[in-house]
Amino acid sequence: MSHAAFDTPPVRLPLRVELFVLTHNDSGAPLAHLPSLSLALAGAILTNLVAPIERVRVVGDAAIAVHRQPTGDPVADWALTFLARHHRALSVREAVRLLGEHAYDKVTAGLIAGGLVEQVTRRRMLGRVTAYPPTEPAVIHRVRGRLRYGVLGYDDPDPQTDALAGLLRALRLESELYLDGFDTDLRERLRQMLARAGHHTPATEKIICAVDDLIGETAVSVYR
């Protein structure tokens, strides 16, 4: 799919932001269990620290901060500082798990500060519920549309779109693409997209596979 010469494509948002808007409904309520969603957001943050600019390098199973200068992005800088201050290299799995303890709060705070979402608290019978609706609802449709085009083969997806596919699959939220009539296994198609992201940057697939494993463990622990 090509743009007309006079079209200006919207500025691409960080992976964590695309994941956030795709995993919340139009009213800003999360569509996944918050601990699982926070792990996925941690994976998105770490993925963007690995590529396209390598600030974190995955060597074997270790995630090592190699460029510690501030990026100007408060959420990325928080994650980078967090990784750099450890006296030993964290494994990819440890990095995702530990970042996941605070990733949801950090990402939402960054989105509020950037004016991309607003915080809305509503009263319910059992207490208060907080949601984060986007200030520009069309952003959800842009992110979903880009991923749908990639899944359907209408576009040649970039590595970030392929990584987003892997994270959505890890959260078991492929239904949010509204592709019920898709003629092949949708989860398998998302897995293929993740593998393509891994071919481009092997660390990306390693990070998202760690996210998938940790989300699976979190889901099991709920029923123990």
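The values are calculated or read from the model by the stated rules, or taken from the named source; none is laboratory data. What you see is a predicted model, and the numbers here were worked out from it, not measured in a lab. Please note: Cβ atoms are built from the backbone with ideal geometry, for glycine as well, and neighbour counts cover all protein chains shown. Side chains included, ligands, DNA and RNA excluded: accessible areas come from the protein's heavy atoms. Shrake-Rupley method; radii C 1.70, N 1.55, O 1.52, S 1.80 Å.
Structural remarks
- Of the listed requirements (1) within 19 Å of residue 92 (Cα to Cα); (2) surrounded by 14 or more Cβ atoms within 10 Å (Cβ to Cβ), residue 216 misses just one: (2).
- Against the list (1) closer than 21 Å to residue 168 by Cβ; (2) in contact with a Lys or Arg (Cβ under 9 Å, 6 or more places away or on another chain); (3) in a loop (DSSP other than H, G, I, E, B); (4) not polar (S, T, N, Q), the condition residue 18 fails is (3).
- Meets criteria (closer than 21 Å to residue 12 by Cα, free of Cβ contacts under 8 Å to residues at least 12 places away in the same chain and open to solvent by 60 Å² or more (accessible area, probe 1.4 Å)) for residue 74: no
- Where a residue in segment 171-195 is under 17 Å from residue 23 (Cβ atoms) and its partner, wherever it lies, is part of a helix (DSSP H, G or I) and polar (S, T, N, Q), with Cβ under 7 Å and at least six apart: 171/36
- Scan of segment 77-92 for residues that are surrounded by fewer than 15 Cβ atoms within 10 Å (Cβ to Cβ) and under 14 Å from residue 207 (Cβ atoms), ordered by number: none
- Only one entry in 95, 138 is over 21 Å from residue 34 (Cα atoms), among the hydrophobic types (A, V, I, L, M, F, W, C) and open to solvent by less than 70 Å² (accessible area, probe 1.4 Å), namely 138.
- Residue match in segment 176-197 (condition: surrounded by 21 or more Cβ atoms within 10 Å (Cβ to Cβ) and charged (D, E, K, R)): no
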